[in-house]
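To keep things clear, I will list the structure first and then write my remarks on it.
The values are calculated or read from the model by the stated rules, or taken from the named source; none is laboratory data. Note that this is a predicted model, so its numbers are computed, not measured. Don't worry about glycine lacking a Cβ; one is built from the backbone with ideal geometry, like all the others, and counts go over all protein chains shown.
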2 protein chains.
Amino acid sequence: MTDTALMTDRYELTMIDAAMRSGTAFRPSVFEVFARRLPGARRYGVVAGTGRFLQRLAEFRFGDAELASIRPWASADLVDWLAEYRFSGDIRGYAEGELYFPGSPVLVVEGSFAEAVVLETLALSVLNYDSAVANAATRMTRAAKGRPVAEMGSRRANEEAAIAAARAAYIAGFSATSNLAAGSRWGIPTMGTAAHSFTLLHDSEAEAFQAQIDALGVGTTLLVDTYDIEQGIRTAVEVAGTGLGGIRLDSGDLVEVAADARRLLDSLGATGTRITVTSDLDEHAIAGLQASPVDAYGVGTSLVTGSGAPAAGMVYKLVARRGDDGAWVGVAKHSEDKASKPGEKVAVRTLQGGVAVEETVLVTDDEAVLAEAARAGRALQVPLVAGGEVDERWLGAEGVATARERHDASVAELPGDAHRLARGEPVLPTRFR
Amino acid sequence: MTDTALMTDRYELTMIDAAMRSGTAFRPSVFEVFARRLPGARRYGVVAGTGRFLQRLAEFRFGDAELASIRPWASADLVDWLAEYRFSGDIRGYAEGELYFPGSPVLVVEGSFAEAVVLETLALSVLNYDSAVANAATRMTRAAKGRPVAEMGSRRANEEAAIAAARAAYIAGFSATSNLAAGSRWGIPTMGTAAHSFTLLHDSEAEAFQAQIDALGVGTTLLVDTYDIEQGIRTAVEVAGTGLGGIRLDSGDLVEVAADARRLLDSLGATGTRITVTSDLDEHAIAGLQASPVDAYGVGTSLVTGSGAPAAGMVYKLVARRGDDGAWVGVAKHSEDKASKPGEKVAVRTLQGGVAVEETVLVTDDEAVLAEAARAGRALQVPLVAGGEVDERWLGAEGVATARERHDASVAELPGDAHRLARGEPVLPTRFR
């Protein structure tokens, strides 16, 4: 399906229709994506999805099929305008993989009201899901303290969301994914050996292990908990020898099971055989296994569902537009529980001795103030789209690799208590100037 | 993208590779999809996604691009076999929209091990997400007690998941969706009028309302809480007259705000103007508004994230396979926390006086037992795929309409306490015979 332009809420088109009648549809406008708070009372957030959004933007066109589907209720003027639609404005924002805090202007879309408002749903769908996964993933990779964590949650997420989740997890430090499409589309390393069904297919566990070793070599990882873990490990080492690459444990109390497995492997002489654990892990379970003889983790459900916060809570708000007199007007709605801050914003991560101390958001175009802020830290917004042209550096596998580096470098700037798993305040305050 | 065949975990292909070497890859096998428990301690589950899975199945082919991406690690034999892959077995299962309980065999896939195991990820991705949404949706539509509930969660879900969510919600009784692709692909009614940005774009709220009425008519719904709700309502009625179709409230304490809004509308003579509320609703908030003068609900985040249970927890397990001697063997893994029941199953909803009393799951091919069970209730499994041919009745908009009717009829069979929102036991016990 390539109906990207229909990944849109109907109200975006009815607004354009109505604004075309009142003569306001093409007022120059600025929309901003930001989160009012960090979901789950976490310490920081990770921007993910930007490269996917830009890739979708390039295919955001209303072709004959798309136009036919809205014609029953859309005006002829709206249909004509959509047929020619091509985003021609500018987009800047946080580089993918960058960290964000409440109020961080992670994406700023400038264009006519009509050409910018129609991107609301697409931008938020992509950023809210991908960032939710990255927010969970960064906690898991930090809790793993350098041990590799593999993504294997595809079976617990929508089939397209699964691919996006693998990508977001990789950006936030995961080592690999089980999802083949994520490997093919985004250049992410893939992994996987066997499920319980493979053992059950064979007449004995030993035959299953032998078949797997014949196909994948002795360095493979054998799943040993189909019948009885102790017997499974003994059989694995009997069949593979002490050079067996690894075993995987997918059930039971993993703290106990991993310790027993290590002892048994060592007693059998398989001292180099690695232990991978994969049963319902989240960042807390990973942290709980810190002292256990575990060599690698596999995470599924909790990753692809954002570990309790399945949507990042980002919103897409009009913050400024020009009036007929040519003057820019900062705008914001007034409701108590959902207020926003008017005006176009510039963001800087203020650093002291290389450590981040503040998210500084400037609502000004005073060059002196901006220059001073820039000297105190690192400018956070980068150009993504100029005059409708997407900067290709952010796309494809190259974009993913860049985002992974960005995440790593930005996390390294955080103060030490950023990685406490307990609920708390954002580790950096956001200051508006 | 049409890389459906790569929506697959790598271990499915490595298992086929290894099983081809041990001569077991083409053993006739039966896989079953079931849930060990209902997520969130709910009373019943709703099967959703079946039609989407069948549609994906028809495009599940390894073309040149897919094969190229796995060639670096796959054997030549595996690549050759995948190039010719076409599911040729049988699939039966619960009709989409049908209710399920712990252990219900909602999908049964029969074929060779290889051709069936490769569908694990696709089947689970689709069913786990779509059913999670339907599980939340059915509680919301029941809590609304006949008032229409519209789906508007696209901005809080992955862009493809959003379309699936709109579809699952419609099956479970939602009245419409904001998502245009869901309308176009699945024939679901779409709705939507305006966001706060539309009001902020104009020089005054009155101008914005006038523009919307000019475009959409006086029957439209005006969003009145951008600045001040009371003034917004007064302005709305001034501009539209007392024939105004509706107002939408998207902030504040909705119980209070809705009551105030109704009083004010009535006092202004707009007694027929409907009130739609849309701020962070879930099934509990909907139930809490039961006594309020609300005419319609719009639900976003909580719907598309499964209202606290974002994955349905279904698994895909080998339950039987033939050995080289031609005899069928029921199989199951033994781990304590993840045990499953061996053998191919038939399911009946046992009824008494038209009311469901038990989910009866039969592990037998004794015709007399099956006939007796069938007389006591309603057979739950229907043919979906025969000899690789998908039954087209379950596809497209027709399949969605059929599933919506199925949901409605099956919910009507449940005993009254099925709709209590509190955590609890499944409303029907599952009995294995």
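May I ask you to verify whether A:L244 is over 15 Å from B:D17 (Cβ atoms), within 12 Å of chain B (Cβ to nearest Cβ) and either touching a Pro at 6+ places or on another chain (Cβ under 9 Å) or not small (G, A, S) (or both)? Walk me through how you get there before you give the answer.
On the way: over 15 Å from B:D17 (Cβ atoms): yes; within 12 Å of chain B (Cβ to nearest Cβ): no; either touching a Pro at 6+ places or on another chain (Cβ under 9 Å) or not small (G, A, S) (or both): yes.
No: the conditions fail for A:L244.
Can you pull out the helices (runs of 4 or more DSSP H) entirely within region B:15-88 that have at least 3 residues that are at the interface with another protein chain (Cβ under 10 Å from one of its Cβ atoms)? Walk me through it before giving the result.
Working: elements: B:50-58, B:64-70, B:76-83.
Fully inside region B:15-88 and qualifying: B:50-58, B:64-70.
Could you figure out which of (1) over 28 Å from A:W73 (Cα atoms); (2) surrounded by 24 or more Cβ atoms within 10 Å (Cβ to Cβ) isn't true of B:A157?
With (1) over 28 Å from A:W73 (Cα atoms); (2) surrounded by 24 or more Cβ atoms within 10 Å (Cβ to Cβ) applied to B:A157, the lone miss is (1).
The conditions are (1) in the same structural domain as B:L254 (by TED's automatic domain parsing); (2) touching a Lys or Arg at 6+ places or on another chain (Cβ under 7 Å); (3) part of a loop (DSSP other than H, G, I, E, B), and B:A211 fails exactly one of them. Which is it?
For B:A211, the exception is condition (3).
Restricting attention to region A:82-91, does a residue exist that is free of Cβ contacts under 8 Å to residues at least 40 places away in the same chain and outside the structural domain of A:P342 (by TED's automatic domain parsing)? Show your work before the answer.
If we filter region A:82-91 for residues that are free of Cβ contacts under 8 Å to residues at least 40 places away in the same chain, which is where we start, we get A:83-84.
With outside the structural domain of A:P342 (by TED's automatic domain parsing) added as a condition, the list becomes none.
Within region A:82-91 (the criterion being free of Cβ contacts under 8 Å to residues at least 40 places away in the same chain and outside the structural domain of A:P342 (by TED's automatic domain parsing)), the answer is no, since none of the residues qualifies.
Scan region A:43-53 and give yes if some residue there is among the basic types (K, R), touching a residue at least 12 places away in the same chain (Cβ under 8 Å) and either in contact with a strand residue (DSSP E or B) (Cβ under 7 Å, 6 or more places away or on another chain) or not assigned by TED's automatic domain parsing to the domain that holds A:G330 (or both), otherwise no. Outline the logic, then answer.
Just the residues of region A:43-53 that are among the basic types (K, R), to begin with: A:43, A:52.
Right, trim to touching a residue at least 12 places away in the same chain (Cβ under 8 Å) and you get A:43, A:52.
If we keep only those that are either in contact with a strand residue (DSSP E or B) (Cβ under 7 Å, 6 or more places away or on another chain) or not assigned by TED's automatic domain parsing to the domain that holds A:G330 (or both) too, we end up with none.
The answer is no, given that none of the residues of region A:43-53 is among the basic types (K, R), touching a residue at least 12 places away in the same chain (Cβ under 8 Å) and either in contact with a strand residue (DSSP E or B) (Cβ under 7 Å, 6 or more places away or on another chain) or not assigned by TED's automatic domain parsing to the domain that holds A:G330 (or both).
Just name the residue that is farthest from A:A164 (Cα to Cα) out of those in region A:378-395 that are in contact with an Asp or Glu (Cβ under 9 Å, 6 or more places away or on another chain) and in a helix (DSSP H, G or I).
Across region A:378-395, the extreme among qualifying residues is A:E392.
What number of residues in region B:172-207 are more than 7 Å from every other protein chain (Cβ to nearest Cβ), over 25 Å from B:S410 (Cα atoms) and not acidic (D, E)? Step through it out loud before you land on a result.
Of region B:172-207, the ones more than 7 Å from every other protein chain (Cβ to nearest Cβ) are B:172-177, B:182, B:185-189, B:199, B:204-206.
Remaining after also requiring over 25 Å from B:S410 (Cα atoms): B:185, B:199, B:204-206.
Filter again for not acidic (D, E), leaving B:185, B:199, B:204, B:206.
Matching residues across region B:172-207 total 4.
Could you count how many residues in region B:105-146 are more than 22 Å from A:S154 (Cβ to Cβ) and either out of contact with any Gly (no Cβ under 6 Å at 6 or more places or on another chain) or modelled with pLDDT under 95 (or both)?
Our first condition is that a residue be more than 22 Å from A:S154 (Cβ to Cβ); within region B:105-146, this holds for B:105, B:110, B:112, B:137-146.
Pick out the ones that are also either out of contact with any Gly (no Cβ under 6 Å at 6 or more places or on another chain) or modelled with pLDDT under 95 (or both) and you get B:105, B:112, B:137-140, B:142-146.
Within region B:105-146, residues that are more than 22 Å from A:S154 (Cβ to Cβ) and either out of contact with any Gly (no Cβ under 6 Å at 6 or more places or on another chain) or modelled with pLDDT under 95 (or both) number 11.
Based on what the data block shows, is B:G306 under 16 Å from the mean Cα position of the chain (by Cα) and in contact (Cβ under 8 Å) with a residue 40 or more places away in the chain?
Working: under 16 Å from the mean Cα position of the chain (by Cα): yes; in contact (Cβ under 8 Å) with a residue 40 or more places away in the chain: yes.
Criteria met by B:G306.
Tell me which residues, restricted to region B:221-238, are more than 16 Å from B:D266 (Cα to Cα) and either surrounded by fewer than 22 Cβ atoms within 10 Å (Cβ to Cβ) or at pLDDT below 95 (or both).
B:Y227, B:D228
Identify the single condition in (1) within 25 Å of A:A162 (Cβ to Cβ); (2) without any contact (Cβ under 8 Å) to a residue 12 or more places away in the chain that B:G326 does not satisfy, given that it satisfies every other one.
With respect to (1) within 25 Å of A:A162 (Cβ to Cβ); (2) without any contact (Cβ under 8 Å) to a residue 12 or more places away in the chain, B:G326 is out only on (1).
Within region A:249-258, identify whether any single residue is within 11 Å of chain B (Cβ to nearest Cβ) and in contact with a Gly (Cβ under 8 Å, 6 or more places away or on another chain), and answer yes or no.
No, region A:249-258 contains no residue that is within 11 Å of chain B (Cβ to nearest Cβ) and in contact with a Gly (Cβ under 8 Å, 6 or more places away or on another chain).
Determine if region A:220-229 includes at least one residue that is in contact with a Phe, Trp or Tyr (Cβ under 6 Å, 6 or more places away or on another chain) and closer than 30 Å to B:E32 by Cβ. Full working, then the answer.
First, the residues of region A:220-229 that are in contact with a Phe, Trp or Tyr (Cβ under 6 Å, 6 or more places away or on another chain): A:222.
Filter once more, so that each one left must be closer than 30 Å to B:E32 by Cβ: A:222.
Checking region A:220-229: at least one residue is in contact with a Phe, Trp or Tyr (Cβ under 6 Å, 6 or more places away or on another chain) and closer than 30 Å to B:E32 by Cβ.
What do you reckon, is A:A143 surrounded by fewer than 24 Cβ atoms within 10 Å (Cβ to Cβ) and over 30 Å from B:Y11 (Cβ atoms)? Don't jump to the end; show me each part of the working.
Numbers: surrounded by fewer than 24 Cβ atoms within 10 Å (Cβ to Cβ): yes; over 30 Å from B:Y11 (Cβ atoms): no.
Criteria not met by A:A143.
Among the residues of region A:90-137 satisfying the criterion of being more than 17 Å from the chain's Cα centre (by Cα) and assigned to a strand (DSSP E or B), which is farthest from A:V390 (Cα to Cα)?
My answer is A:S112.
Within region A:316-371, count every residue that is within 11 Å of another protein chain (Cβ to nearest Cβ) and modelled with pLDDT of 85 or more. Don't jump to the end; show me each part of the working.
Our first condition is that a residue be within 11 Å of another protein chain (Cβ to nearest Cβ); within region A:316-371, this holds for A:316-325, A:329-340, A:342.
When the remaining residues are screened for being modelled with pLDDT of 85 or more, the result is A:316-325, A:329-333, A:342.
Adding up the residues that qualify gives 16.
When residues of region A:1-14 are filtered for being within 14 Å of A:Y316 (Cβ to Cβ) and assigned to a helix (DSSP H, G or I), how many remain? Write out each step before concluding.
Step one: of region A:1-14, the residues within 14 Å of A:Y316 (Cβ to Cβ) are A:7-9, A:11-12.
Subset that is assigned to a helix (DSSP H, G or I): A:11-12.
Result for region A:1-14: 2.
Filter region B:253-269 down to residues that are in contact (Cβ under 8 Å) with a residue 24 or more places away in the chain and either under 25 Å from the mean Cα position of the chain (by Cα) or not in a loop (DSSP other than H, G, I, E, B) (or both), then give me how many there are. First the steps, then the outcome.
Here is the first cut: in region B:253-269, the ones in contact (Cβ under 8 Å) with a residue 24 or more places away in the chain are B:254-255, B:257-262, B:264-265, B:268-269.
Keeping just the survivors that are either under 25 Å from the mean Cα position of the chain (by Cα) or not in a loop (DSSP other than H, G, I, E, B) (or both) gives B:254-255, B:257-262, B:264-265.
Count: 10.
I'd like the residue in region A:208-219 that is more than 7 Å from every other protein chain (Cβ to nearest Cβ) and surrounded by 22 or more Cβ atoms within 10 Å (Cβ to Cβ) and, out of all such residues, is nearest to A:I233 (Cα to Cα).
Looking at the filtered set, the residue picked out is A:F209.
Identify the residue in region B:239-267 that is of a type in the set (K, R) and surrounded by 14 or more Cβ atoms within 10 Å (Cβ to Cβ) and, among all such residues, is nearest to B:G192 (Cα to Cα). Even if it seems obvious, please write down each step before you answer.
Of the residues in region B:239-267, the ones of a type in the set (K, R) are B:248, B:262-263.
Keeping just the survivors that are surrounded by 14 or more Cβ atoms within 10 Å (Cβ to Cβ) gives B:248, B:262.
Numbers: B:R248: 11, B:R262: 21 Å.
Filtering first and then ranking leaves B:R248.
Working only within region A:403-418, note down all residues that are of a type outside the set (A, V, I, L, M, F, W, C) and under 18 Å from the mean Cα position of the chain (by Cα).
Start the filter on region A:403-418 by keeping residues that are of a type outside the set (A, V, I, L, M, F, W, C), which leaves A:404-408, A:410, A:413, A:415-417.
Across region A:403-418, the qualifying residues are A:R404, A:E405, A:R406, A:H407, A:D408, A:S410.
Please give the number of the condition A:V117 fails out of (1) within 26 Å of B:T2 (Cβ to Cβ); (2) crowded, with 22+ Cβ neighbours inside 10 Å; (3) at the interface with chain B (Cβ under 8 Å from one of its Cβ atoms).
(1)
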